[in-house]
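Data first, discussion second: the structure below is written as structure tokens.
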């Protein structure tokens with residue numbers, strides 16, 4: 001029995017060197033101007049035969065959960081929600097020359113994401129017969145909130161006549177330093193429930209686009 005590779009070689013030799021080629025007398029056309037159309041035709045035919053044999057002998061590997069996992073993890077961070085909010089900070093000091101006081105409203109941006117590198121084999125269930133992929137939603141996380149101090153609104157401020165403006169600035173910086181970051185974190189965590197809901201739809205849409213070319217008609221469900 002001949003192997004597929006031996007059969008392919010025999011076919012290539014058969015068409016590349018036709019039997020009648022050796023029996024014909026030398027052409028009167030000078031070597032430098034001999035027609036090459038037939039040569040190109042033979043090479044084209046040999047290429048077609050090779051590709052046909054290659055297609056017939058190539059076995060496609062089945063799509064597995066590992067394949068899906070690798071494709072998803074190429075994009076480590078997927079943003080699922082972005083929102084805006086305002087953080088209220090306020091404070092005062094105590095002095096015999098009068099008390100400084102301040103109340104500020106600081107705009108802040110909140111972003112929520114899922115880390116696709118958290119996905120594991122156990123988080124994906126694939127049914128090749130139904131072309132159905134069920135994915136467990138990774139933990140939705142809050143990025144560090146980003147305050148916009150330049151857009152801060154001053155709601156109240158009081159700097160007594162006998163107090164220096166330097167003391168008022170010191171109060172303002174202390175209030176912002178102590179209250180802004182924890183206040184923004186607490187405000188951002190209030191949006192986690194909504195972010196999880198949006199995260200399912202966002203991840204499902206993302207994976208559908210990523211996996212669609214790999215498995216046509218695939219349906220993705222995110223739990």
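The values are calculated or read from the model by the stated rules, or taken from the named source; none is laboratory data. Keep in mind it's a predicted model, so treat the numbers as computed, not measured. FYI the Cβ positions are ideal-geometry reconstructions off the backbone, even for glycines, and counts take in every protein chain you see.
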Per-region count, segment 155-177, residues touching a residue at least 60 places away in the same chain (Cβ under 8 Å) and either in a helix (DSSP H, G or I) or within 17 Å of residue 112 (Cα to Cα) (or both): 7
Residue list for segment 183-223, filter: farther than 16 Å from residue 116 by Cα, assigned to a helix (DSSP H, G or I) and touching a residue at least 60 places away in the same chain (Cβ under 8 Å): 183, 184, 187, 188, 192, 194
Residue check for residue 178: at pLDDT 95 or above, touching a strand residue (DSSP E or B) at 6+ places or on another chain (Cβ under 6 Å) and within 30 Å of residue 97 (Cβ to Cβ): no
Meets criteria (touching a strand residue (DSSP E or B) at 6+ places or on another chain (Cβ under 9 Å) and more than 18 Å from residue 188 (Cβ to Cβ)) for residue 158: yes
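For (1) at pLDDT below 85; (2) assigned to a strand (DSSP E or B), each residue gets a yes or a no:
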{"residue": "46", "(1), (2)": "yes, no"}
{"residue": "74", "(1), (2)": "yes, no"}
{"residue": "84", "(1), (2)": "no, yes"}
{"residue": "94", "(1), (2)": "no, no"}
{"residue": "106", "(1), (2)": "no, yes"}
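If you check residue 205 against the conditions, is it within 26 Å of residue 79 (Cα to Cα), touching a helix residue (DSSP H, G or I) at 6+ places or on another chain (Cβ under 8 Å) and loosely packed, with under 13 Cβ neighbours inside 10 Å? Before the answer, list the steps.
Details: within 26 Å of residue 79 (Cα to Cα): yes; touching a helix residue (DSSP H, G or I) at 6+ places or on another chain (Cβ under 8 Å): no; loosely packed, with under 13 Cβ neighbours inside 10 Å: yes.
Considered against the rule, which asks whether it is within 26 Å of residue 79 (Cα to Cα), touching a helix residue (DSSP H, G or I) at 6+ places or on another chain (Cβ under 8 Å) and loosely packed, with under 13 Cβ neighbours inside 10 Å, residue 205 comes out as no.
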